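What follows is one structure encoded as structure tokens, with my remarks underneath.
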Amino acid sequence: QVQLVESGGGLVQAGGSLRLSCAASGRIFRINTMGWYRQAPGKQRELVATITSGDTTNYADSVKGRFTISRDNAKNTVYLQMDSLKPEDTAVYYCNLEMLRVFYWGQGTQVTVSS
């Protein structure tokens, strides 16, 4: 089994910053792509950012220039640095990883941005 544990969510004012972390544990072999998704109330889950094993990154247009995804392969951990946060960034953030063509999800962490 593989477990993903997210941390770093919380309440922040608009313009502030948060850093999310997601650590994978369990039967870890070779992790390929890692990523972050989010789901706001009444909306579908959407991609925020992904990073491949070769450190190629991809971002949703809505977060480009404000969010930065990174990973530490030695710690099986992916990070999401979120700067210049906006109220519309409010959502539950989920981390995700793909390993041996199987996708795993974390339990989610709440991010709330007040105006």
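The values are calculated or read from the model by the stated rules, or taken from the named source; none is laboratory data. Given the structure is predicted, the values throughout are model-derived calculations rather than measurements. When we count neighbours, we look across all protein chains shown, and the Cβ atoms used for this are built from the backbone with ideal geometry, even at glycine. All accessible areas refer to the heavy atoms of the entire protein, side chains included, with ligands and DNA or RNA removed. Shrake-Rupley method; radii C 1.70, N 1.55, O 1.52, S 1.80 Å.
Brief remarks follow.
- Options 50, 111, 87, ranked by Cα towards positive dipole end of the chain, top entry (Cβ charges): 50
- For the chain, a crude dipole built from +1 on the beta carbon of Lys and Arg and -1 on the beta carbon of Asp and Glu, taken about the Cα centre, is about 220 debye to the nearest 20.
- Annotation: per residue accessible area for region 16-115 equals 53 Å², rounded to a whole number [probe 1.4 Å, protein chains only].
- Nearby lysines by direct alpha-carbon distance to residue 75 (threshold 27 angstrom, same-chain neighbours under 8 apart not counted): 64
- Just the protein heavy atoms count here, and of the accessible area of the chain at 1.4 Å, carbon and sulfur take up 48 percent.
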